[in-house]
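Beneath this line is the structure, given in structure tokens, with notes to follow.
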Amino acid sequence: MILAAVVVSLIFLYPTFQDYQYRKKLVSLSGPDSISYLDQHQDDILSAKLKRIKLGLDLQGGMRVVLEVDVIKLLEDIAKNKDDNFGAIIKEVRDQATNNDESVIPIFGRKFQERGIRMSRYYGNIRDVDAAILSQLDGETAKAVDRAIEIVRNRVDQYRVSEPNIQKQGTRRIIVELPGVKDESEVRSLLQGTAKLEFRLLRDAAISYKVMQSIDDYLSGKVAADTSSSAKTAKKEEKPKDALEELLGNKKPSNADTTNEAKFTREHPFFANVTPDQRNTGEGFVLDNNRDRVIRLLERPDVQRLLPADFEFQWSAKTTPTPDGKKFYHLYAVKRTPELTGGVVVEARATVDQGTNRPIVNMEMNSEGAREWARITGANVNKRIAISLDNAVFSAPTVINKIVGGHSQITGMESPNEARLLEIVLKAGALPAPVSIIEQRSVGPSLGEDSIRSGLNSTVLAFLLTILFMAVYYHSAGAIADVALLFNVLFILGVMAGFSATLTLPGIAGVVLTLGIAVDANVLINERVREELAGGKTLRAAIDAGYARAFTAIVDSNVTTFLTGVVLYQFGTGPIQGFALTLMIGIAASMFTAIIITRVIFNIMMSKGLNPNFG
Amino acid sequence: MRLFKKTNINFMAARGKMYILSSAIIAVGLISLFIKGVNYGIDFRGGTELVMSFSERADYGQLRAALGKAGFGDSEIKSFGNDQTILIRTTQQGEGMIVANKIKDAIQTSLPNQSFQVLREDKIGPKIGKELRRDAVYAVVASLFVILGYVAIRYKFLYGMGAVLALYHDVLLTLGIISLLDGVVPYLNLEITQEIIAAFLTIIGLSVNDTVVVFDRIRENSKIYRSLSLMDIMNKSLNETLSRTIITSGTILIVLLVLLFAGGEVTRGFAFALTIGIITGTYSSIYIASAIVLDTTLRVKKPE
């Protein structure tokens, strides 16, 4: 069992170690070497990164933002026949909601009751009772929060922050943690701006393919693109060679490489990274690993010049997996000007088609939108329209026939989840869920470095002092306790890596503290054994009795400390939770190491005829 | 090696004096709490806080003047670990990080020869602060109840009460000392932050740890020595566990002292609160918890 625990801990810790090694290696290599190393080991580095013990924002620097969805604004937006009475209620609710943390909906309901106004005047059907309306509004606000989270997630994904953490807190708050991000104004606009939902026509597959072909030709040097202008503005960064460098980096095959693959990459650098859809849809497929490089390439001014007027590339919001476990993004060629923007959508609902039993999304537009939509769909039957939120395409359905009356049905979703996501996206345009930033913290990486260093130093120092003291005070029994302590640290880190827990500064404090508690268990046992020895028992009997009698005290004291940990975890936020988590893991680990591992070592020593010395 | 020979101290006899001693310290602490109060950190108060590292030793007067000109005369300026690192805090919040940016601009223009680096900037809305304060109180109260429940089930209700009263004693005493010493000792930042709340909860955990070990021994001894009075049993148990109590608290104390002096500014307040807490916790598990159990037991028994 001990062996198993050790092995499991080591397995969990291996990625952390690996990640450390990779980073050390990357620091030691310079410039192009490090890029080629990165490319060669990309997958390994990524997987190590995912499984390692993560460092909290306080240790690595970055931004933490807490957003609150303005539920009251939403309630105001969806009400009909608004009058002065309604305005007064909204104002009162707003005042009260800022003064305490009660959920908004019950306050809202109470205000209506106080004034003796039926809610059906403003919401739902005239015959609906207040309770029904309230529960409906409750659902509506919950959805708004989900929508806000999805919008934020979509944007953070586009922003390409490594390892962002986005989670819901309570009923209407969103915590966003962005490690390594420093530019606070950029992040603010990223998180707070209104979501932009657009319907854009896809360009014809033939045109899309032609554009991709021209980029490919440009990169491989077959044509000099737009010679006149490039001659005039022959800046360094605008040569095909540099563009090629941007795309391929150090993956560029050497001329000596004669494999088919290398040959293809040399001749068709763009198509080696962007695979056109064989079904002639005009889409390109890009592996998730290559996406960043393709984005950089497409952003280059010289490449932008290759695009015809009213032509733009947009990426799919999510990846699609292939059977062999790879993931790729879709690259869509769309018109630059949107046909319609999201304001016209009044309702969207994900359901299941009764006939085919497949997930679908029903979408309603307002009268103005419906008129436009009829014209657009009528003129573009059998063409595709991309639905994009903040420039990321969530779906690109084909127009089957002219849609009159504004009611559309979108089919072709793989799963109910996909349909639900599309519902959220469509509604994001219709009912923006306004969010405000109520907490924002940013930690510079240098403070992070300092705190890591002093935190680690003090932990190591405290650890060494404790080990030294135990060995001096309890002789070989103390040394055995020290061995158990080492295992304890190993287990704590192993479990943390296993849960992919985040290590924060209070977390380190928690580890330090559990070391103290772990020592306590052995002090209890050793003191007890000493007592029993002083009472005249033989060594073996004294050890047996010592363990048996100390056991209840250890269990009781650890359980109470563990329970405080649970309470802390339950009520605490952020840093306190981190502390509580390591405390709980530490106590569980120390019960195991201090009681079982030391006992096993004593038993092995005794069976070999070595008598442990309790000092 | 052995620090403690077999001791035979009559702990319980001195309990009256100890009650007085504890009450006196707590009273001083409470007076300080009422007059001086505690310094809530930004977590609980809301506002904007900046930690900046300057290229040269920063002059407080100049900084204050610069901030005053920009309309932040009410801000607090204090050192953060060393002379070059300064913490600036104001209760003003503004939209987004406007306040922080204004402060940075003001310092940049008024102190052109100084270059600085922003190590940390926080903005906490007033609502969050209030909620955190409430959650912290919930956490402390809830853990006290959990402990009362557990000890009452494992031992007797009176023991649970003794343990919890001892914990109240520890928390009050530590809080009083924090209030008393805040701002008195240089480089020691004793604001009530989330970390300090974590420290309080740890104090509760460790102190109850100590108390339970003593109670465990009392329970064991009362089964063995049925003829002895409760007071004698308690004294015997306390003496028997004394060595363990001191050694354990001592090792934890070593760890905390290291954290206090070498752990850096961020964990210093935390380590300090814990150090005080460990000392009072050890003392309270000897004197307060057992003594309360003894006194209440005696009082309950008398009328019979």
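Bear in mind that the values in this text are calculations on the coordinates, not laboratory data. Worth saying up front: this structure is predicted, and the values here are computed from it rather than measured. Neighbour counts are summed over all protein chains in view; Cβ atoms, including those assigned to glycine, are modelled from backbone coordinates with ideal geometry.
Filter the trypsin sites (Lys or Arg not before Pro) in region A:93-170 down to the DSSP loop ones having no more than 13 other Cβ atoms within 10 Å, then list what survives. Write down the numbers at each step before the final one.
Numbers: sites: A:ARG94, A:ARG110, A:LYS111, A:ARG115, A:ARG118, A:ARG121, A:ARG127, A:LYS143, A:ARG147, A:ARG153, A:ARG155, A:ARG160, A:LYS168; in loops: A:ARG118, A:ARG127, A:ARG160.
When the trypsin sites (Lys or Arg not before Pro) of region A:93-170 are filtered for loop state and at most 13 Cβ neighbours within 10 Å, A:ARG127, A:ARG160 remain.
Near B:PHE116, within a Cβ-to-Cβ distance under 11 Å, what is the net charge of the other residues, with Lys and Arg +1 and Asp and Glu -1?
Working: positive: B:LYS104; negative: B:GLU56.
Spelling it out: positives minus negatives among the neighbours equals 0.
Nothing charged except the Cβ atoms of Lys and Arg (+1) and of Asp and Glu (-1): what's the magnitude of the dipole of the protein assembly as shown about its Cα centre? Round to the nearest 20 debye.
Numbers: 104 positive and 96 negative charges, 321 e Å.
Here the protein assembly as shown has a charge dipole of around 1540 debye.
Hey, any idea what the orientation-averaged projected area of the convex hull of region A:477-615's Cα atoms comes to, in nm²? Don't skip to the answer; put the middle values down first.
On the way: hull surface 33.1 nm².
Orientation-averaged projected area of the Cα hull: 8.3 nm².
Quick one: order B:HIS169, A:HIS407 by neighbouring beta-carbon count within 10 Å, fewest to most. List each step's numbers first, then the result.
Values: B:HIS169 23, A:HIS407 13.
Taking fewest neighbouring Cβ atoms as first place, the list is A:HIS407, B:HIS169.
Loop only by DSSP, 16 or fewer other Cβ within 10 Å of the Cβ. Give me the chymotrypsin sites (Phe, Trp or Tyr not before Pro) in region B:1-92 that pass, ordered by residue number. Can you show the working numbers first?
Working: sites: B:PHE4, B:PHE11, B:TYR19, B:PHE34, B:TYR40, B:PHE44, B:PHE54, B:TYR60, B:PHE72, B:PHE80; in loops: B:PHE4, B:PHE11, B:PHE72.
In loop regions of region B:1-92 (DSSP not H, G, I, E or B), the sparsely surrounded chymotrypsin sites (Phe, Trp or Tyr not before Pro) are B:PHE4.
Dividing the Cα convex hull volume of the protein assembly as shown by residue count, how many Å³ per residue is that? Working shown, then result.
Numbers: hull volume 227.6 nm³, N = 919.
About 248 Å³ per residue, rounded to a whole number.
Calculate the FRET efficiency for A:VAL460 and B:VAL137 from the Cβ-Cβ distance with a Förster distance of 51 Å, rounded to the nearest 0.05.
Numbers: r = 36 Å, r/R0 = 0.70.
The computed FRET efficiency comes out at 0.90.
Using the 10 angstrom Cβ neighbour count as an exposure proxy, how do A:MET496, A:MET605 rank, fewest first?
On the way: A:MET496 24, A:MET605 15.
Fewest-to-most Cβ neighbours within 10 Å comes out as A:MET605, A:MET496.
Calculate one ³J(HN,Hα) per residue across region A:517-524 by plugging θ = phi - 60° into the Karplus curve 6.51 cos²θ - 1.76 cosθ + 1.60, and present them in order as whole Hz with x for glycine and proline.
My calculation for region A:517-524 gives 5, 5, 4, 4, 4, 6, 4, 4 Hz in order.
Using alpha-carbon pairs under 8 Å, 6+ residues apart, how would you state the relative contact order of chain B in percent?
On the way: 414 pairs, mean separation 75.9, N = 304.
That works out to 25 percent.
When B:TYR287, A:TYR14 are ordered from fewest to most other Cβ atoms inside 10 Å of their Cβ, what list results?
Details: B:TYR287 22, A:TYR14 15.
So the residues, fewest neighbours to most, are A:TYR14, B:TYR287.
Expressed as a whole number of Å, what is the distance separating the alpha-carbon centroids of region A:268-315 and region A:543-615?
Here the two parts' Cα centres lie 58 Å apart.
Once every DSSP H run of n ≥ 4 in the protein assembly as shown is given -39500 (n - 2.57) and the sum is divided by its residues, what mean residue ellipticity at 222 nm do you get, rounded to the nearest 500 deg cm²/dmol?
Numbers: 33 runs with 558 residues, N = 919.
Only helices count here, giving -20500 deg cm²/dmol.
Could you give each residue of region A:74-82 its phi-based ³J(HN,Hα) in whole Hz, using Karplus coefficients 6.51, -1.76, 1.60 with θ = phi - 60°, and x for Gly or Pro?
Per-residue couplings from phi come out as 5, 4, 5, 5, 8, 6, 10, 6, 5 Hz.
Averaged over its residues, how many other protein chain Cβ atoms are within 10 Å of peptide B:113-121's Cβ atoms? Spell out each step's value before the answer.
Details: counts 0, 0, 0, 0, 3, 6, 10, 9, 7.
The mean count of partner-chain Cβ atoms within 10 Å per residue comes to 4.
Report the far tail of the P(r) of chain B, meaning the percent of Cα-Cα pairs longer than 25 Å.
Of the Cα pairs, 57 percent sit more than 25 Å apart.
Let me see the P(r) profile for region B:47-124: every Cα-Cα distance counted, bins of 10 Å, each bin given as a percent of all pairs.
The calculated distribution, bin by bin, is 21, 61, 19, 0.
Would you kindly derive the ³J(HN,Hα) couplings of region A:547-562 from the backbone phi angles with the Karplus curve 6.51 cos²θ - 1.76 cosθ + 1.60 (θ = phi - 60°), listing them in order in whole Hz, with x for Gly and Pro?
5, 4, 7, 6, 4, 4, 5, 5, 4, 4, 5, 5, 4, 5, 5, 4
Averaged across orientations, what area in nm² does the convex hull of the alpha carbons in region A:71-147 project? Before the final figure, lay out the partial values.
On the way: hull surface 19.3 nm².
Spelled out: convex hull of the Cα atoms, projected over all directions, averaged, 4.8 nm².
Mind checking the mean number of beta-carbon atoms from other chains within 10 Å of the Cβ atoms in B:150-161? Can you show the working numbers first?
Working: counts 5, 2, 0, 0, 5, 1, 0, 0, 0, 0, 0, 0.
Mean shielding by partner chains, rounded to a whole number: 1.
So if I average 1/r over every pair of distinct C-alpha atoms in region B:130-220 and take the inverse, what Kirkwood radius in Å does that give?
Values: mean 1/r = 0.0701 Å⁻¹.
In region B:130-220 this quantity evaluates to 14.3 Å.
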